[in-house]
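Written below as structure tokens is the structure these notes are about.
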Amino acid sequence: MCIRDRPVAGAAFKPPYEDLTFTSAAAATASVTAEGVVTGKAAGNTTITVAIKNKAGIEAVANVTVTGG
């Protein structure tokens, strides 16, 4: 699997993450923890969305591709 497994240096969101919600559109392809760590599960494409709690409409979306290997 080819995917980053820890937060990227210079990322837009930095710890602490209690005001953020991370979600995967396809958890069977890639899951994401409450801290934003993405884990590839199966080959395919999905998106990971991070939203700010109590701030409707403020979010960022990342496209994620998981490849077998």
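Details
- Segments 52-61, 20-29 sorted - mean Cβ within 10 Å per residue, highest first: 20-29, 52-61
- For region 25-65, with all protein chains in place and a probe radius of 1.4 Å, 54% of the accessible heavy-atom surface sits on carbon or sulfur.
- Extension gain, residue 27 to residue 47, is 6.2 nm, computed as 0.36 nm per intervening residue step minus the present C-alpha separation.
- Whole-Hz Karplus values for region 50-56 come out as 10, 10, 8, 4, 6, 9, 3 Hz, taken residue by residue from phi with 6.51 cos²θ - 1.76 cosθ + 1.60 and θ = phi - 60°; glycine and proline positions read x.
The values are calculated or read from the model by the stated rules, or taken from the named source; none is laboratory data. Note that this is a predicted model, so its numbers are computed, not measured. Here the Cβ is made from the backbone with ideal geometry for all residues, glycine too, and neighbour counts use every protein chain on show. Remember, those area values only see protein heavy atoms, side chains included, never the ligands or the DNA or RNA. Shrake-Rupley method; radii C 1.70, N 1.55, O 1.52, S 1.80 Å.
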